[in-house]
Every structure is written in structure tokens, then in C-alpha cells.
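Quick note: the coordinates plus some simple rules give every number you see, no bench work behind them. Quantities reported herein were computed from a predicted structural model and do not represent experimental measurements. Please note: Cβ atoms are built from the backbone with ideal geometry, for glycine as well, and neighbour counts cover all protein chains shown.
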Amino acid sequence: MVLTVVKYGTPVLRQKGARIETVTPAIGKLIADMLDTMYAHKGIGLAAQQVGVPIQLTVIDVRGITDRPSWLEVDGQRADVAQSMPLVLLNPRATPVGEPVPGPEGCLSFPEIFVDITRPEVVDVTALNAEGEPIQFRCGGLLARAIQHEIDHLHGILFIDRMTKAVKEELRPELEALQAETKKELNQ
């Protein structure tokens, strides 16, 4: 089922997600619905907060993105990124390994806004998978960027918080308009 993606100005986007201790049938259904929602909106990542649920759950799928390659290592060995998708991460943590580099980002909660954000190019990730089993891997490229973006969401941090002051100032009219539109919808 395709869920509603909440927009900037919705309070849940600023909420830190609760840890998931057990994968229940409700969590399994939410994972399936989040994947449907991400694909319907042509996104590459979606955090639970973006569908109004403040828990530490994100889904990611970078297949098909060829202009911004991704790579993945499991137990020190290169793995096929496509075969690991979609990626479901519960309670994920990312530890920076690579140098910070700028790269373009967008967000389903900020339609039509794309800016360069500086993030570490390589990260080590630990999480639980959709079955609640521990997983660990190292990744780089777009996958590392997407994971960091989504983990930020799980902690109430938005990509606008990572923008330079100059870029945020430049985007102020669009951000204020989006926030006003969201508040108007919330009050109806």
C-alpha cells in the first residue's frame, strides 16, 4: 500500500525514532508499505518518519542509478549492490570511514529541492535487517550518501540542517513556502 509522504513542516520529521526491539507483523507490513511508497515516488530511500511513524526503520534501493555508482563490501569482500537491494535497515548506525565530499541530494519530504551536501564518501554500517538479524557492511558512493541521509531522518535531522548557510538562505523562499503549505494542510 502506498502511504502518504509527509512534507517539511510536519512535526514527526523532527522526532527521533524509537529503537525497534522486535520485528512484529506490523513492522513487516510497514516495511512492505514503505517499499511500495518509495517506488511509487521514484525515491531511492525512505525513513519511517517520512510516512509519519517515528521509529528507526529505513528502506533503500539504489538499483538503476548509473550516473552515481555505489559499492558494497561484506566481510571485506566486494558484493553485488543490486543483489543486496532493496535494503531494509532497523536501528542503523553509520561510522564515517572516508573523507567528506560534496554531492547532490534531494528528499521526498522536500519535493523539487536538490542541493549539494557534504558527507563522508565511505561508511561502515551496522543494523538489523527485515528479519531482525544483525548485519554489517562497508559501502561507498551513492549508497553511503543515501544511508547517511536516511539515518539522519531517523534522528530528526533533515538535509537542510546539513546545507551551508549560504545555500539555505538562497532556498529560504522555497523552504518557507513548503513549510507554510504543509502547516495549512495540517490545520485542515
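Determine, for SER70, SER109, SER84, the number of other Cβ atoms within 10 Å of each Cβ, and report the residues in order from fewest to most.
SER84, SER70, SER109
If you take every DSSP beta bridge fully contained in the stretch 11-187, what fraction is antiparallel? Give it as a percent rounded to 5.
Counting DSSP beta bridges with both partners in the stretch 11-187, the antiparallel share is about 95 percent.
Which residue, GLY28, ALA144, PRO11, has the largest displacement toward the positive end of the dipole of the stretch 11-187 when charges sit on each Cβ (Lys, Arg +1; Asp, Glu -1)?
The Cα lying farthest towards the positive end belongs to PRO11.
In nm, what is the difference between 0.36 nm times the number of residues separating THR95 and ALA180 and their Cα-Cα distance?
Taking THR95 through ALA180 to full extension adds about 27.1 nm, to one decimal.
Could you check the simple spin-label distance between GLN136 and ASP36, using points 7 Å along Cα→Cβ, in nm with one decimal?
3.6
Relative contact order (percent) for the chain, with alpha-carbon contacts under 8 angstrom and 6 or more residues of separation?
27 percent.
About its Cα centre, how strong a charge dipole does the stretch 11-187 have in debye, to the nearest 20, once Lys and Arg get +1 and Asp and Glu get -1 at the Cβ?
Computed charge dipole of the stretch 11-187: roughly 300 debye.
Of all alpha-carbon pairs in the chain, indicate the percentage at a distance above 26 angstrom.
On the way: 4936 of 17578 pairs.
For the chain, the share of Cα pairs beyond 26 Å comes to 28 percent.
Note down the nm distance, to one decimal, between modelled labels 7 Å out along Cα→Cβ at ARG172 and at ALA82.
Distance between the two pseudo-spin positions: 4.7 nm.
Taking a 27 Å limit on the Cα-Cα distance, which of the listed pairs LYS29/LYS168; LYS7/LYS168; LYS29/LYS184; LYS42/LYS165 fall beyond it?
Pairs exceeding the cut-off: LYS29/LYS168; LYS29/LYS184; LYS42/LYS165.
Please identify every one of the GluC sites (Glu not before Pro) in the stretch 130-181 that sits in a loop by DSSP and has no more than 11 other beta carbons within 10 Å of its own beta carbon.
Of the GluC sites (Glu not before Pro), the ones in loops of the stretch 130-181 whose Cβ has at most 11 other Cβ atoms within 10 Å are GLU131.
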